[in-house]
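**Student:** I'd like to ask some things about the structure below.
Please treat every number below as a calculation from the coordinates, not as lab data. Since the structure is predicted, the reported quantities are computational estimates derived from the model, not experimental observations. Cβ placement follows ideal geometry from the backbone for every residue including glycine, while neighbour counts extend to all protein chains displayed.
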Amino acid sequence: MFPRLEVNLETVQANAEAVVTACRRRGVEVWGVTKGTLGCPRVGASMLRGGVAGLADSRLGNLERLRRKLGRGVPLMLLRLPSPRQADAVVELAEVSLNSEEETLAALAAAAARRGIKHEVILMVDLGDRREGVLPPDLVPLAEAALAGKYLSLAGIGANFACYGGVIPTPANLSELADLAVRVATETGADLRVVSGGNSTSLRLVQEGSLPEAVTQLRVGEAILLGREPSTGEALAGTRQDGFRVIAEVIELKRKPSSPRGSIARDAFGRRPAFVDRGLRARALAALGVQDLGAGQLVPEDEGIAVLGASSDHLILDVTEAAGTVRVGSRLAFFPNYGALLALMTSPHVEKRYRSGRKGVPA
Ligand SMILES: *Cc1c(COP(=O)(O)O)cnc(C)c1O
């Protein structure tokens, strides 16, 4: 079936190994983030073979899938702050969750008490990116709330970067995180094992050797899945970029003017399109669209092909300079970025094919 997403599990494992090895040298454990793949158990299993300490995902539904297929032995982390209402499911499905609200901590403690188990929490601090986390002055009171009962265990503190504000991790803001961990430990007497220093964007500091020593953990998705550092989009040394490839079929091939004819208002998504008149061009339509790609982008494997745009169900391509022959029915390959991967894995219209997966881990 097409469109088809090909998943190279060997690449996922090799990239996990590369990231884990680089981090281990600095005493940092890596949690493999599966949310870009809808919590795919085969991808998770490949990350685990590559040596990650556990698997992390933003959605309970994805954690449920990982738990069901991979079993009790795999440590799971919930990345997105839970709502108080989700507390029972959270302590059931995840060993550890990221948190920033006292009310939610109380709900988690109550849910853990009902089960007679301990749930670990990592408290998030907002160090400037302005997504989740308490502001630094509010961290100690939140830690005190986490330490109040006996059913929560305060594993440590963490921060996230480059997700909303685009603020990148630096030796300075990660040292601030390290100092906050010391402050929480001295003021509450807690023994903080974890200083969770961010996502794939922190790997740049690992490579430069400038990650503060106090950082003990990173939560890494994109660098393992796509072999790229998200803040620059650049390939990460030692990783491969061929983990995911999407194949779509050509359903129309015509020579057409590169500019529209008629008066232009807005396109299917409310944008006002702009065009460069390049005269008559060989133009292909591929059967893949925004429904499968979301806000993501594709890079054609054939470097002579250019993606001109997409509507819900069509990808519009300039194939005038394609290196390969393009016909109606041709299958064209593209490399997705993270946004496209997220959507492709989520779309029920996209077939998933797994390459070189070892047997025994069903999707
Ligand atoms: C998604 C996410 C990550 C992983 O981000 P990557 O850039 O894919 O490495 C880490 N931490 C949190 C809280 C996240 O939501």
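**Student:** Specify the residue that is farthest from the ligand (Cβ to nearest atom); the eligible residues are those in region 79-112 that are more than 20 Å from LYS35 (Cα to Cα) and assigned to a loop (DSSP other than H, G, I, E, B).
**Tutor:** Checked region 79-112; the qualifying residue farthest from the ligand (Cβ to nearest atom) is GLU101.
**Student:** Quick test for you: out of ARG72, ARG42, pick the one residue that is out of contact with any Phe, Trp or Tyr (no Cβ under 7 Å at 6 or more places or on another chain) and either of a type in the set (D, E, K, R) or in a loop (DSSP other than H, G, I, E, B) (or both).
**Tutor:** Of the residues listed, the single one that is out of contact with any Phe, Trp or Tyr (no Cβ under 7 Å at 6 or more places or on another chain) and either of a type in the set (D, E, K, R) or in a loop (DSSP other than H, G, I, E, B) (or both) is ARG72.
**Student:** Take the residues of region 177-212 that are in a loop (DSSP other than H, G, I, E, B) and crowded, with 22+ Cβ neighbours inside 10 Å: which is nearest to the ligand (Cβ to nearest atom)?
**Tutor:** ASN199
**Student:** Let me ask something additional. Is it fair to say ARG245 is under 23 Å from the mean Cα position of the chain (by Cα), in contact (Cβ under 8 Å) with a residue 24 or more places away in the chain, in a strand (DSSP E or B) and within 11 Å of the ligand (Cβ to nearest atom)?
**Tutor:** Against the criterion (under 23 Å from the mean Cα position of the chain (by Cα), in contact (Cβ under 8 Å) with a residue 24 or more places away in the chain, in a strand (DSSP E or B) and within 11 Å of the ligand (Cβ to nearest atom)), ARG245 does not qualify.
**Student:** Criterion first (within 14 Å of the ligand (Cβ to nearest atom), of a type outside the set (Gly, Ala, Ser), farther than 26 Å from GLN13 by Cα and part of a loop (DSSP other than H, G, I, E, B)) does VAL215 satisfy it?
**Tutor:** For VAL215, the condition - within 14 Å of the ligand (Cβ to nearest atom), of a type outside the set (Gly, Ala, Ser), farther than 26 Å from GLN13 by Cα and part of a loop (DSSP other than H, G, I, E, B) - is not met.
**Student:** Condition first: closer than 19 Å to LEU108 by Cα, outside any helix (DSSP H, G or I) and not polar (S, T, N, Q). Now tell me which residues in region 126-153 satisfy that.
**Tutor:** GLU132, GLY133, VAL134, LEU147, ALA148, GLY149, LYS150, TYR151, LEU152
**Student:** Also, I was wondering about something else. So TYR164 clears everything in (1) within 13 Å of the ligand (Cβ to nearest atom); (2) surrounded by fewer than 21 Cβ atoms within 10 Å (Cβ to Cβ); (3) in a helix (DSSP H, G or I); (4) among the hydroxyl-bearing types (Ser, Thr, Tyr) except one condition, right? Which one?
**Tutor:** Among (1) within 13 Å of the ligand (Cβ to nearest atom); (2) surrounded by fewer than 21 Cβ atoms within 10 Å (Cβ to Cβ); (3) in a helix (DSSP H, G or I); (4) among the hydroxyl-bearing types (Ser, Thr, Tyr), the lone unmet condition for TYR164 is (3).
**Student:** Of LEU60, LEU70, LEU76, which residue is within 15 Å of LEU38 (Cα to Cα) and in contact (Cβ under 8 Å) with a residue 40 or more places away in the chain?
**Tutor:** Residue meeting the stated conditions: LEU70.
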